[in-house]
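A quick write-up on the structure given underneath.
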Amino acid sequence: MRRIRPRRSPAVPLLLAVWAGAAGVIWLWWSNTPSIADDNSKILNAGRITGLLAGYLMALVVLQMARVPALERRVGSDRVARWHAMSGRYTLCLVVAHLVLIMYGYALQAGRTFSGVVQQTVDSVNQLPDMGKAAIGTGLLLLIGLISIGPVRRRIPYDLWYHVHLLTYAAVFLTFWHQLSTGNDFAVEPTAKTVWYGLYGSVTALVLWYRVFVPVRLNLRHRMRVEAVIEETPGIVSVLIRGRRLHRMGAEAGQFFRWRFLAPGMRLSSHPYSLSAAPRPDMLRITVKAIGDHSAALRDLEPGTRVWAEGPYGALTAARRSRGKVLLVAGGVGITPMRALFETLPGASGDLTLLYRANSTQDLALWDELAMIAEERGARLMYAVNSPEGERPDISAETLRRKLPDIDQHDVFLCGPPGFAQQVYEALRGTGVPARRIHHESFEM
């Protein structure tokens, strides 16, 4: 305990590197831009810079999908997912701006008005090299952006969204070539073309390694199968997964895998579920609440079913800890990573506290295990459930401070639904817990 040294997130250096890359792109544009004298030149050069920035961001969007361990396990999967979503929105806006500005500029050069942009686009696709592929790629990007809009995504099955989202790779590949064949900046700067090839080549190598080769090697080495399915409470099951030398996977309490169960109707589905117990050399366990078709189907898995896993992912581990005392807060099925941490976090008697929020006592999954762990470790276990009349418990700064007078001296690990997590986060900040000591990761990806 005297050697607690929290692992620092590399998020800030990475963001600085991203901004440095964007500055380099802008410098490339600026150094190849002559004086802009008329409106047509302004429009065309605005189209150039939006296109260059869109091409740069596309590479970053794919990099954020590559599941690089330095990102997934150090920055956090949820944070990388937010970066990916934000980068995707910016990329799509830049692509649309680039398309409209460039085609409008070309139309003006050809003596057409703004109404001639459509015809100019058709002519450019037919006449310029690689523009046909770029048009298809742009269409795919627009489709992916459409289904990723919140209201649309919530109305379509997760598996459909996930597989359509994978078309991002095809879209980036198709739009890449016209950047080099028609981009003036790469024609006059051979070094820039080499750098661009290096950027996209490096990202492609990372995707192939971490999305293809590493998962294949992991599953061939560990050969996982379903050992048993246990009903914990109505609607919540634990799946025991047996394999070979599982301790060599490097999984830690608090992390999750993306699981694919090779059973009829489930082979094409891959979903993230957290480990609900400390990893053992021959066994892993996940605990899942039935909130969708995939999670509901887990209760019918047969022993012996082959399991394909990718991971481990997630930064909600003991490495984030910076203080001796720790409060774990779980909401609903968010208890799964908290239960694993409750079992494994080092601590003396009285150092660990777990607060479990559920709708009713019947929904307190794994409660017997938690009580046994608390008794063995001298830890404190509390629950917060609705009253018989349905009134929600008060989880406010005042309540938390009353239960834990020294709460501002704790590290806090938090997992639960977004609304619950936000409420607890605000309450914790009200008690004086610094934001850097509130560790939260959402697995809704």
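The values are calculated or read from the model by the stated rules, or taken from the named source; none is laboratory data. Just so you know, these numbers come straight off a predicted model, no measurement behind them. Neighbour counts run over all protein chains shown; Cβ positions are idealised from the backbone, glycine included. For the accessible areas, the whole protein counts, side chains as well, though only heavy atoms, and no ligand, DNA or RNA atoms are used. Shrake-Rupley method; radii C 1.70, N 1.55, O 1.52, S 1.80 Å.
Annotations for the structure displayed:
- For the range 130-161, the candidate set comprises residues that are in a loop (DSSP other than H, G, I, E, B) and open to solvent by less than 70 Å² (accessible area, probe 1.4 Å); within that set, the residue that is farthest from S181 (Cα to Cα) is I156.
- Whichever residue in the range 339-368 is assigned to a helix (DSSP H, G or I) and touching a Ser or Thr at 6+ places or on another chain (Cβ under 9 Å) and, among such residues, is surrounded by the most Cβ atoms within 10 Å (Cβ to Cβ): R339
- Here D411 meets each of (1) more than 25 Å from the chain's Cα centre (by Cα); (2) under 29 Å from R82 (Cα atoms) with one exception, condition (1).
- From G304, G332, G350, residue being modelled with pLDDT of 95 or more and on the phi > 0 side of the Ramachandran plot: G304
- Tally, over the range 298-331, of residues that are open to solvent by less than 30 Å² (accessible area, probe 1.4 Å) and outside any loop (DSSP other than H, G, I, E, B): 14
- Selection status of S276, over 15 Å from R242 (Cβ atoms) and in contact (Cβ under 8 Å) with a residue 60 or more places away in the chain: yes
- Residues satisfying the stated conditions in the range 62-75, i.e. part of a helix (DSSP H, G or I) and at pLDDT below 95: P69, A70, L71, E72, R73, R74, V75
- Residue within the range 181-200 that is open to solvent by less than 70 Å² (accessible area, probe 1.4 Å) and more than 21 Å from L94 (Cβ to Cβ) present: yes
- Within the range 228-266, tally of residues that are open to solvent by less than 20 Å² (accessible area, probe 1.4 Å) and modelled with pLDDT under 90: 1
- The set of residues in the range 216-236 that are of a type outside the set (S, T, Y) and within 18 Å of M338 (Cβ to Cβ) comprises E232, I236.
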